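Visitor: The structure under discussion is supplied below as structure tokens; questions concerning it will follow.
Since every read-out is calculated from the coordinates, none of them should be taken as a lab result. Since this is a predicted model, take the numbers as computed values, not measurements. Positions of Cβ are backbone-derived with ideal geometry, glycine not excepted, and every protein chain shown enters the neighbour counts.
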Amino acid sequence: MAGLETWDWIVIGLYFLALVVIVWWSSRRQRSAADYFLASRNIGWFVIGASLFASNIGSEHIVGLAGSGAKSGMAMAHYELHAWCLLVLGWVFVPFYSRAAVYTMPEFLERRYNSASRWILSLVSLVAYVFTKVSVTVYAGGVVFATLLPQGTFGPLDNFWVGAVSVVVLTGIYTVLGGLRAVVYTDALQAVVLIVGSVVVTIMGLSALGGWGELREACGSQYFNLWRPASDPDFPWAGILFGAPIVGLWYWCTDQYIVQRTLAARNMRQARRGTIFGAYLKLSPVFIFIVPGMIAYALAQSGKLQLESPDQAFPVLVQTLLPVGLRGLVVGGLLAALMSSLSSLFNSCSTLFTVDIYEKLRPEASERTLVRVGRIATAVIVVLGIVWIPVMKYVSGALYEYLQTVQAYLAPPITAAFFLGVFFRRINGAGAVAGMICGFILGMAKLAVQILAGVESVAPSLPTFLIEFGTFNFLYFCLVLFAISVIIMVVVSLLTSRPPAEKIEGLTFATVTATGKEETRRTWNKWDVVHTIIILSIIAAVYLYFTG
């Protein structure tokens, strides 16, 4: 397999030069915490949508989705068809977030419930970043470097760690200097590079294979079916249908990492249209990431390329199929994805820790101090995430499955707190806090036992019930955990006093004033509705085509 050549490196260098220009421009316009964390709340719909997509589709998606396509076909495509969750963000939650004028999701929970709920969500979110976004993104970056640059080491480190750590450092520099404005504008550039590069890989792969018909024949009907039997150990249809959306709604509607893009919008209209545009973009990964993984599997079956592990599918396609120069463009796309996810993560970590924890403890802190503390907190989270990487293999052998597994243990109580908070005004702070604490403890217990059950030297000594608990399907557990969280929140709320009317005014559907409803109505028109219907129709069509 060919390595990167001079023209490839020239293309990659030009891409990084463009990033440097954007960061320089962004850093010159940064004067306050609002500038740094929310880009002065002056971002338009196109940049918001592109940033939503680029932040979501990081290297873990390119590497992980292609890997899942090579391993199990369309099984994980359900998560990419969660584009409808972005519509829920835009139509349901954006009006509440916009009216509340909050910096963070924990701040919104404090408005709706109490300060304890804000603390809990802040800490859970930071833990989630360690277990998922940092570790998964850095690992994926290491896989890309180890595959594309398999030769050579740097002292005791191989190319996996050299590449991963180098991109972490570079991304940290431009995020620290530029704040959220640098993040969202570089995201917009990276989204374009990412889509173009991935489309090229897909077309070239289908050409090498002989077309779509050859792909269907080589992979078989099982690879093309979105649904698995209820007894499937990994992706049972009931778990996918009912459990996966819980994770999707948490991620797209309540996670600081994603929602922060809409908080930076210049108004509610721009935020909603950004989510609609982002939903269009979110439909593409099924065809430009999962399908290439299936192509890599088919080519490996026919002996046209070597595939040592599923997670190598996408970088191996790049290395094997693309000519000089074009290969550099696509590698630039892979680096773009890695850096996009990390840059979004860095800024979100900084915002969460600074606004929701440090500023609460030190309200007199200056703007300069807040920014500096946020940077330090981000560095700590990144180091912890890198340390966690060696543990990931005990949860799942495939990168994307690991990501969805851990998120299934963290998301349910948070999803319950936000949705019950908006749709059920009787839920109070005591109920929300009880549900989130119990849900988090149960989720972390499941993760810990699953890790122990995955360690060969430890598993034989575990009691049978712990083995069964650790190996219980993650999607079914997600459903159970969500139900438990909802029950606890409802029961505790009904057993305690009602939330004061002034506390929840405008923060639930039942308490939005007529004026508030009219203001929201003026922010959308028929074309917003038409595009929403088009997106839902495309999702339905994909489900119909890949069901059989």
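Visitor: Quick check: convex hull over the Cα atoms of the range 80-131, volume per residue in Å³, rounded to an integer? Provide the component values of the computation, followed by the final result.
Guide: Values: hull volume 4.5 nm³, N = 52.
Hull volume over Cα atoms, normalised by residue count, gives 87 Å³.
Visitor: Would you grab the residues whose amide H sits under 5 Å from the one on A265? Only those 5+ places off in sequence or on another chain, please, with H modelled 1.01 Å from N.
Guide: Sorted by chain and number, the residues that satisfy this are I43.
Visitor: Determine ³J(HN,Hα), in whole Hz, for all residues of the range 84-92 in sequence, where each value follows from phi through the Karplus function 6.51 cos²θ - 1.76 cosθ + 1.60 and θ = phi - 60°; x replaces Gly and Pro.
Guide: Karplus-based 3J(HN,Hα) across the range 84-92 equals 5, 5, 5, 5, 5, 4, x, 8, 9 Hz.
Visitor: Now a separate question. Tell me, what ³J(HN,Hα) does each residue in the range 111-121 have, in order and in whole Hz, if you take phi through Karplus 6.51 cos²θ - 1.76 cosθ + 1.60 with θ = phi - 60° and put x for Gly and Pro?
Guide: Rounded to whole hertz, the list is 4, 7, 10, 6, 5, 4, 5, 5, 4, 4, 5.
Visitor: Among T354, N56, M204, which residue has its Cα positioned farthest towards the positive end of the charge dipole of the chain, with +1 placed on the Cβ of Lys and Arg, -1 on the Cβ of Asp and Glu, and the dipole taken about the Cα centre?
Guide: The residue sitting farthest along the positive end of the dipole is T354.
Visitor: Tell me the relative contact order for the range 281-379 as a rounded percent, counting alpha carbon contacts under 8 Å between residues six or more apart.
Guide: 18
Visitor: What does the highest-first list of 308-314, 140-146 look like by mean Cβ count within 10 Å? Intermediate values should be presented prior to the final figure.
Guide: Details: 308-314: 23.4, 140-146: 25.6.
Packing proxy ranking, top to bottom: 140-146, 308-314.
Visitor: Using 0.36 nm per residue, how much length does the chain from V491 to A379 gain when fully extended, once their Cα-Cα distance is taken away? Numbers along the way, then the final one.
Guide: Details: separation 112, 0.36 × 112 = 40.32 nm, distance 3.99 nm.
Stretched fully, the V491-A379 segment lengthens by 36.3 nm.
Visitor: Charges only on Cβ, +1 for Lys and Arg, -1 for Asp and Glu: so what's the dipole of the range 238-312 about the Cα centre, in debye to the nearest 20? Could the numbers behind the result be given before it?
Guide: Details: 7 positive and 3 negative charges, 119 e Å.
Approximately 580 debye in magnitude.
Visitor: A follow-up question, please. To the nearest whole percent, what portion of all C-alpha pairs in the chain is separated by more than 36 angstrom? Numbers along the way, then the final one.
Guide: Numbers: 45529 of 149878 pairs.
Every Cα pair in the chain considered, those over 36 Å come to 30 percent.
Visitor: Moving on to the next point. What is the spin-label model distance, in nm, from K526 to T369 if the labels are put 7 Å beyond Cα along the C-beta direction?
Guide: According to this spin-label approximation, the distance is 5.6 nm.
Visitor: Then there's this: For the chain, calculate the relative contact order in percent as a whole number, restricting contacts to Cα pairs under 8 Å that are 6 or more residues apart.
Guide: Details: 906 pairs, mean separation 155.5, N = 548.
Worked out over the chain, it gives 28 percent.
Visitor: Then there is this: Just to check I understand the Karplus step: with θ = phi - 60° and J = 6.51 cos²θ - 1.76 cosθ + 1.60, what whole-Hz values come out for the range 264-269, glycine and proline as x?
Guide: With coefficients 6.51, -1.76 and 1.60, one gets 8, 5, 6, 6, 5, 4 Hz.
Visitor: Another question about this same structure. Quick one: which of 237-247, 8-18, 460-470 comes out on top by average Cβ neighbours within 10 Å, and what's the full order, highest first?
Guide: Working: 237-247: 20.1, 8-18: 15.1, 460-470: 12.4.
The packing order, highest mean first, is 237-247, 8-18, 460-470.
Visitor: If I model the range 315-406 as equal point scatterers sitting on the Cα atoms and use the Debye formula, what is log10 I(q)/I(0) at q = 0.18, 0.19, 0.26 Å⁻¹?
Guide: For the requested q values the scattering log ratios are -0.94, -0.98, -1.18.
Visitor: Follow-up question, since we're still on this one. Taking the Cα centre of the chain as origin, work out the dipole magnitude from +1 charges on Lys and Arg Cβ and -1 charges on Asp and Glu Cβ, in debye rounded to 20. Don't jump to the answer; show the numbers that get you there.
Guide: Values: 36 positive and 28 negative charges, 368 e Å.
About 1760 debye.
Visitor: Which one of A264, P310, Y297 is farthest out on the positive end of the charge dipole of the range 249-386, using unit charges on Cβ (Lys, Arg +1; Asp, Glu -1) and the Cα centre as origin?
Guide: Value computed over the given set: A264.
Visitor: Assuming R0 = 35 Å, what is the FRET efficiency of V199 and S166, from their Cβ-Cβ distance, to the nearest 0.05? Intermediate results must be reported in sequence, preceding the final value.
Guide: Values: r = 27 Å, r/R0 = 0.78.
It comes to 0.80.
Visitor: Between R99 and L544, what is 0.36 nm times their sequence separation minus the Cα-Cα distance? Round to one decimal in nm.
Guide: Numbers: separation 445, 0.36 × 445 = 160.20 nm, distance 3.85 nm.
Additional length available on full extension: 156.4 nm.
Visitor: Hey, can you rank 531-542, 478-489, 425-436, 400-411 by average C-beta count inside 10 Å, highest first?
Guide: On the way: 531-542: 14.7, 478-489: 21.2, 425-436: 23.3, 400-411: 25.4.
Ranked from most to least packed, the peptides come out as 400-411, 425-436, 478-489, 531-542.
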